1. State which residue is nearest to the chain's Cα centre (by Cα) when the search covers only the stretch 24-54 and only residues that are acidic (Asp, Glu) and surrounded by 10 or more Cβ atoms within 10 Å (Cβ to Cβ).
2. Which members of the stretch 63-78 meet the condition of being closer than 21 Å to residue 15 by Cβ, free of Cβ contacts under 8 Å to residues at least 60 places away in the same chain and surrounded by fewer than 12 Cβ atoms within 10 Å (Cβ to Cβ)?
3. Which pairs do you get when a residue that is closer than 17 Å to residue 53 by Cα, found in the stretch 13-25, comes within reach of a residue that is among the β-branched types (Val, Ile, Thr) and assigned to a helix (DSSP H, G or I), reach meaning Cβ atoms under 8 angstrom, with the pair 6+ apart or on two chains?
Amino acid sequence: MSGPTVKRALRNRFEFIRQNEMERLQKKLRKLNEHDRRSVDAITIDIIQALSRGADCALSHDMPEPALDALVRLFALDAEVSEGG
């Protein structure tokens, strides 16, 4: 598995988790006005992008295959990669 494939799968995994958490918290978020809900959404997107930037930097170098495999297992990326994530 290549670094770019793992990068893409990792970004997709982070976004999947973000969306699931936003959905799970809908009941609490309903108490916020529309502007505040959009702000929360934007903040969580920024967090995902910050996490992805760190991973992108690390994965942009020639990472050894065992390290890539460890990331795949650590973040359960097998499904992401097999689905074309």
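Every number here is computed from the coordinates shown, using simple stated rules; none is lab data. No experiment lies behind these values; they were computed from the predicted model shown. Cβ placement follows ideal geometry from the backbone for every residue including glycine, while neighbour counts extend to all protein chains displayed.
1. Filtering the stretch 24-54 for residues acidic (Asp, Glu) gives 34, 36, 41, 46.
Add one more test, that the residue is surrounded by 10 or more Cβ atoms within 10 Å (Cβ to Cβ), and what stays is 36, 41, 46.
Numbers: 36: 22, 41: 14, 46: 11 Å.
Checking each candidate, the answer is 46.
2. Listed by number, the residues that qualify are 73, 74.
3. Filtered contacts from the stretch 13-25: 14/48; 15/48; 18/44; 18/45; 18/47; 18/48.
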